[in-house]
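Contents: one structure, followed by commentary.
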Amino acid sequence: MPNTNKPDTSKVLPKPGPDPSEKLLEDYADVFSDIVNVLVYQGESVVKPENLRDGPTASMYKTIYGRLRQKNRDVLKFDMEHGVEVRVYGLENQSKSSNIMPVRVMGYDFSSYDRDILRKKAENKAAGHEADYAAELWPEQKLCPVVTLVLYFGTEPWSGPTSLVDMLDLPENLKDYVSDYHINLVQVAFLEDEVISKFQSDFQIVAEFFKAKRLGNVRKLKYNTRKWNHVAELLDFFQTFVGFKHYQEIRQDIIEQSRKEDIVMDSVFYSIFDEAWDKGIEKGIEKGISALTETYQELHRTKEELQAKLVEKFDLTDEQAKGYIQQYWA
């Protein structure tokens, strides 16, 4: 006979989630602990990679219509000490601002706390030491703190709410009665250099990339000589956010190269970014060059002066600058 106790998976919503490449990179214990240590503990080595254990990223709940739904974190890990859970850390990735993020994070954190309560109650029952029905847990049984970081990879400032109250149409006479819930938002592209320098894992490369992308100087990354530890995952990550031609062929070649020598940005930059980045920003460059050319003409400046400015402003060669001047100079 069929097992009628199985959940109806046809009614479970698929995980929309972030791109898998983000999760694969952050799932590594060295990267995960590095992110938490820098962003929560100011670089102090509080979270040890060897103490981390994977936590469940999915939790089920039932709607008022009786249908099962699934909540999915991006990455969740338990921090263990002497085999005991002491802290829970979660990472949520966002490439765009969300207008419901506080409620999402509140739901994720609730699931973690609820799981901890159920686990402790099960342990009490197994030991024959259950708490009173109304109390549910013993007074000395404390829950593990849950810390969720929202990593925002956009290059424009976050425009969504950062607390539950920001989402509410809240009358003044209710403010004292409505509990707030804040998110720990980290705008990766806006991190200070001092903070970025504290990362010891491949996440430093990621943070440097997004800051450079925001500032429009990604090409300077070709001089970065930091070793890549998780080569395939970093390649997947950059493919997600930048995209580059012949990705599968380039990816395999670079992975093969990594088996023979250390991989650093300056050794793979042109394979990954040169054509892809040019494709992504060409329209923006051309718009800027066109506007600058028009301005120089209105001011009766010379083509030579414009050429020097284009080389400086857009990091062009003299030949490239001359080509653009020929194209846009009326």
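Derivation of every value follows stated rules applied to the coordinates shown; laboratory data play no part. These numbers come from a predicted model, not from an experiment. All Cβ positions, glycine included, derive from the backbone under ideal geometry; neighbour counts span all protein chains shown.
Summary of computed values
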| read-out | value |
| --- | --- |
| Gain on full stretching of the segment that runs from LYS322 to VAL264 - 0.36 nm per residue minus C-alpha separation | 17.6 nm |
| DSSP-assigned coil residues among chymotrypsin sites (Phe, Trp or Tyr not before Pro) in the range 73-150, each with at most 13 further Cβ atoms within 10 Å | TYR133 |
| Estimated FRET transfer efficiency when R0 is 25 angstrom, pair ALA135-TYR181 (beta carbons, to 0.05) | 0.50 |
| Lys/Arg +1, Asp/Glu -1 at C-beta; the range 171-224 dipole; positive extreme among ASN217, GLN200, LEU185 | ASN217 |
| Rough spin-label spacing in nm, given labels placed 7 Å along Cα→Cβ, for GLU312 and ILE255 | 4.6 |
| Sparse-neighbourhood loop sites, GluC sites (Glu not before Pro) in the range 111-151 - DSSP loop, at most 16 other Cβ within 10 angstrom | GLU130, GLU136, GLU140 |
| Spin-label proximity, THR240 to the range 201-216 - amide N less than 14 Å from point 7 Å beyond Cα toward beta carbon | 203, 206-207, 210 |
